[in-house]
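The values are calculated or read from the model by the stated rules, or taken from the named source; none is laboratory data. Since the structure is predicted, the reported quantities are computational estimates derived from the model, not experimental observations. Using ideal geometry, Cβ is built from the backbone for each residue, glycine included, and neighbour counts are taken over all protein chains shown.
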Amino acid sequence: MISIAHPLLGSEEATAVMGVLASGQLAQGEQVAEFERRFAEMCGVSEAVAVSSGTAALYLALLAHTIGPGDEVITTAFSFVATANVILQVGATPVFVDIDPETYNIDPVLVEAAITPRTRAIMPVHLYGNPCDMKRLAEIARIHNLVLLEDACQAHAAQIDEQVVGSFGTGCFSFYPTKNMTTGEGGIVTTNQPAIAERIRLLRNHGQKVRYVHTSSGYNMRMTNLQAAIGLVQLEKLARFNEQRIENAQFLTKHLKEVLQTPVSHPGYRHVYHQYTIRVLEHRDQWAARLHERGVGTGVHYPIPIYQQPYYQEIRAQFRVSSPEGKAETGADAPCLPETELAAKQVLSLPVHPALSKDDLSTIVREVLTLCGN
Ligand SMILES: Cc1ncc(COP(=O)(O)O)c(C=O)c1O
């Protein structure tokens, strides 16, 4: 079976982990600090704060920006559920707007139309590793004095005109094993605002800067030295991993673009292909089953818009969906985002990870073309 994801870990990671084990310094320490320095450098920002997951990164970033009850955060419903869960968890209101049907990313025109006096932040998601239109979103955030919080959990080292995502606003990354680089579990926040970084450092560690002196409330959302040691090695490999993902994507697109909607990457944008996602206009789930039978693993990212998730159906008064016309409606009115709902029915991700062989790529192309009747 050609798997949809395959973390690439080798002897370098093993040696790094063994070094930490031998040192006895397993929890947050030197390796974490070094990982933060190197990750900040890669993103071109002054600060990075490592945490226990991408979800923790998003949650603590919202808290650090003092977003909470009474505030609205504009985001996408076409994402992993963590994007919206953290907004609810800080007591704020997610406001979902529709996506661009070509890139599947949040549509800046609809973002602007959804702004109300309660809006505090915009949370774009660089879905599948493809950057959102950050120049327009940054401009909207500047004009309306909003926090720009990038969910870059799928977009390590993606760029627009050589500016790395996570540096347009406050950036949040995940190091879950399927991601372009991993630490097992883990996350990081990137920012150019020292005060935000400082608040997150406190929040991740029970409000403690000096041992047993607690100046704020907080959590244990620390990264361990074991994770950071893996992360330091993976960060060294990230450029090569991304090159390989891009090369694999180019091969798939070359062979599939005549028969299917293949991923779009705008000029000047560096899409790092966390996922390679096609559109199957009809019978998507049958396609997935057939490909599975033929040895090709696939994924659906994501089959249910967040506002249609069973849990969100139960808490309809706690979020809003902003219709494409810009008319904000309450969740209770069962609103819909047409592009989001269509994408949820049609998207199918094919393997694109750097562990694929040339034979694997040829097999994927052959099996997809067969399904297209070629
Ligand atoms: C877009 C997006 N946001 C947030 C997350 C949460 O990251 P984690 O799984 O590390 O908590 C993920 C990862 O799955 C993600 O893909």
*asked:* Take the residues in the stretch 125-156 that are in contact (Cβ under 8 Å) with a residue 40 or more places away in the chain and assigned to a helix (DSSP H, G or I); name whichever of them is nearest to the ligand (Cβ to nearest atom).
replied: 127
*Is it fair to say residue 370 is more than 24 Å from residue 154 (Cα to Cα), of a type in the set (S, T, N, Q) and at pLDDT below 95?*
no
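Restricting the stretch 264-290 to residues that are under 14 Å from residue 352 (Cβ atoms) and more than 16 Å from the ligand (Cβ to nearest atom), which is surrounded by the fewest Cβ atoms within 10 Å (Cβ to Cβ)? Quick ask: steps written out before the conclusion?
In the first step, residues of the stretch 264-290 are kept if they are under 14 Å from residue 352 (Cβ atoms); the result is 265, 271-278.
Of the ones still in play, those that are also more than 16 Å from the ligand (Cβ to nearest atom) are 265, 278.
On the way: 265: 20, 278: 22.
So, considering only residues that are under 14 Å from residue 352 (Cβ atoms) and more than 16 Å from the ligand (Cβ to nearest atom), the one surrounded by the fewest Cβ atoms within 10 Å (Cβ to Cβ) is 265.
Select from the stretch 163-176 the residues that are assigned to a loop (DSSP other than H, G, I, E, B) and either within 19 Å of residue 47 (Cβ to Cβ) or free of Cβ contacts under 8 Å to residues at least 24 places away in the same chain (or both) and list them in ascending order. Before you say what the answer is, go through the steps one by one.
The initial filter retains those residues of the stretch 163-176 that are assigned to a loop (DSSP other than H, G, I, E, B), namely 165-169, 175-176.
165, 166, 167, 168, 169, 175, listed by residue number.
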*Residue check for residue 87: surrounded by 24 or more Cβ atoms within 10 Å (Cβ to Cβ), part of a strand (DSSP E or B) and within 16 Å of the ligand (Cβ to nearest atom)*: no
*List pairs: first in the stretch 72-86 and over 15 Å from residue 121 (Cβ atoms) and aliphatic (A, V, I, L, M), second more than 10 Å from the ligand (Cβ to nearest atom) and part of a strand (DSSP E or B), Cβ under 9 Å, 6+ apart or cross-chain?*
77/94; 77/96; 77/97; 77/99; 77/321
_Against the definition (out of contact with any Pro (no Cβ under 6 Å at 6 or more places or on another chain), under 28 Å from residue 28 (Cα atoms), within 11 Å of the ligand (Cβ to nearest atom) and β-branched (Val, Ile, Thr)), how does residue 182 come out, yes or no?_
no
*Six or more apart or on different chains, Cβ under 7 Å: which pairs go from a residue in the stretch 345-374 that's closer than 11 Å to residue 280 by Cβ and touching a residue at least 60 places away in the same chain (Cβ under 8 Å) to one that's surrounded by 17 or more Cβ atoms within 10 Å (Cβ to Cβ) and of a type in the set (Lys, Arg)? Could you list them?*
345/284; 346/279; 346/284; 347/279; 348/284
*Would it be correct to say that residue 152 is surrounded by fewer than 21 Cβ atoms within 10 Å (Cβ to Cβ) and in contact with a Pro (Cβ under 9 Å, 6 or more places away or on another chain)?*
no
